[in-house]
């Protein structure tokens, strides 16, 4: 994997070994950020961060800060290693996403969700999400192509399929 554009364009990033994480492909990341638009100065929350590819891409594109949330310790080590390799600063919380969401009080310009495709707790996540998004902010929700997520209180801006992935953008 590599960073698509921005200050770290072309730099390679690592993914955790094994099959417990599924990094977002370069093509899907590029298309997603084309849908999002500029992220200069944005605050970003990357949930189920995995390798951190989405949040790292946001930092390379000028985001002011990213908070990565990932429960897998190996994945957290990879995110930290990628940050070190790219010489970027961010916060990595190695914790359960639902636990973090239950206590998080900050609002973000961009919230990225990329749970496992077989994730079944969409309904448990949804109540927390609207209060995390700043006015005018976006939620990017990556799911399997056959899953169309819904978040009460937020409107779908667009939903696109890319192979086995679906990217749905919600706006506040």
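Miscellaneous remarks
- Figure legend. Inter-residue proximity from region 150-172: first residues on the phi > 0 side of the Ramachandran plot and without any contact (Cβ under 8 Å) to a residue 60 or more places away in the chain, second residues loosely packed, with under 14 Cβ neighbours inside 10 Å and outside any strand (DSSP E or B), beta-carbon distance below 6 Å, spacing 6+ or different chains. No pairs are indicated.
- Search result, residues across region 12-47 that are assigned to a loop (DSSP other than H, G, I, E, B), in contact with a helix residue (DSSP H, G or I) (Cβ under 6 Å, 6 or more places away or on another chain) and buried (at least 17 other Cβ atoms within 10 Å of the Cβ): 13, 16, 21, 23, 24, 39
- Every condition in (1) closer than 26 Å to residue 121 by Cα; (2) in contact with a helix residue (DSSP H, G or I) (Cβ under 8 Å, 6 or more places away or on another chain); (3) buried (at least 19 other Cβ atoms within 10 Å of the Cβ) holds for residue 78 except the one numbered (2).
- Restricting the search to strands (runs of 3 or more DSSP E) fully inside region 53-172 and requiring at least 3 residues that are more than 25 Å from residue 27 (Cα to Cα) gives 91-94, 133-144.
- Being touching a strand residue (DSSP E or B) at 6+ places or on another chain (Cβ under 8 Å) and either without any contact (Cβ under 8 Å) to a residue 40 or more places away in the chain or closer than 17 Å to residue 36 by Cα (or both) is a property that residue 134 has.
Read the figures in this text as sums done on the coordinates, not as results from a lab. Here the structure is a predicted model, which means the values were calculated and not measured. All Cβ positions, glycine included, derive from the backbone under ideal geometry; neighbour counts span all protein chains shown.
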